[in-house]
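Input: a single structure, listed below in structure tokens.
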Amino acid sequence: MNNKSKMQTKTIAQIGLFTAVLAICSQISIPLPTGVPVTLQTLGIALAGYVLGAKFATYSLGIYIILGAVGAPIFAGFSGGPGFITSPAGGFIWGFLFLAFFCGVGCRQKNKLLSIVYGVAGLVVCHLFGVVQFMLVAKVNFVASVLAVSAPFLIKDIISIVLAYGIALQVRKALIASNLLEQHA
């Protein structure tokens with residue numbers, strides 16, 4: 001097997017591993033009356049982004065969304081199926097793609113603060129998707145939607161991004177030293 005094939009196999013395994021990590025983080029969930037639970041998904045997504053980089057983290061999230069959409073019970077509360085994608089919390093699922101991508105862009109930055117700023121920017125986009133979908137499904141105005149499904153989660157989500165970044169620095173260093181991750185990924 002040549003080096004390119006080996007790296008492709010490693011990359012596929014890493015994408016699958018982070019898809020599984022996200023599925024596990026999704027099950028650590030506290031249901032709320034709004035239908036948008038408190039989970040560790042943000043931590044898992046940011047970790048995938050900061051470790052895998054923008055391209056492969058987005059692939060991992062895409063696989064997660066497809067698996068959940070076809071019915072695998074990997075969304076919060078062991079839910080899945082196309083109905084969840086259109087539920088009050090479904091906008092966050094779509095927004096996760098942007099969170100993963102922005103954290104992945106952040107992993108390439110030399111400046112640690114800038115890396116975290118990229119993650120927070122992805123979080124803002126993710127929350128915007130979540131707020132808009134909740135607003136449409138629940139038939140409430142924008143401010144009410146922000147207060148119900150975004151504001152209560154912001155501090156936890158920002159802490160998750162910072163934590164994920166710190167963990168990812170160590171994971172990336174170990175993977176690069178073990179020749180399991182390319183330095184430019």
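The values are calculated or read from the model by the stated rules, or taken from the named source; none is laboratory data. Just so it is clear, the model here is predicted, and its values are computed rather than measured. Counting neighbours? That spans all protein chains shown, and the Cβs are built from the backbone with ideal geometry, glycine included. Please note that ligands, DNA and RNA were not included when accessible areas were found on the heavy atoms of the full protein model with its side chains. Shrake-Rupley method; radii C 1.70, N 1.55, O 1.52, S 1.80 Å.
Just one of 34, 42 is hydroxyl-bearing (Ser, Thr, Tyr), modelled with pLDDT of 95 or more and either over 15 Å from the mean Cα position of the chain (by Cα) or crowded, with 19+ Cβ neighbours inside 10 Å (or both); which is it?
Answer to the check: 42.
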Quick one: how many residues across the stretch 21-31 are crowded, with 16+ Cβ neighbours inside 10 Å and within 23 Å of residue 55 (Cβ to Cβ)?
5
With respect to the numbered conditions (1) open to solvent by less than 60 Å² (accessible area, probe 1.4 Å); (2) under 20 Å from residue 125 (Cβ atoms), which one is the sole condition not fulfilled by residue 14?
(2)
Could you tell me whether any residue of the stretch 54-75 is modelled with pLDDT under 95, more than 18 Å from residue 169 (Cα to Cα) and buried (at least 24 other Cβ atoms within 10 Å of the Cβ)?
yes
Which members of the stretch 157-185 meet the condition of being part of a helix (DSSP H, G or I), open to solvent by less than 60 Å² (accessible area, probe 1.4 Å) and in contact (Cβ under 8 Å) with a residue 12 or more places away in the chain?
157, 160, 161, 164, 165, 168, 171, 172, 175
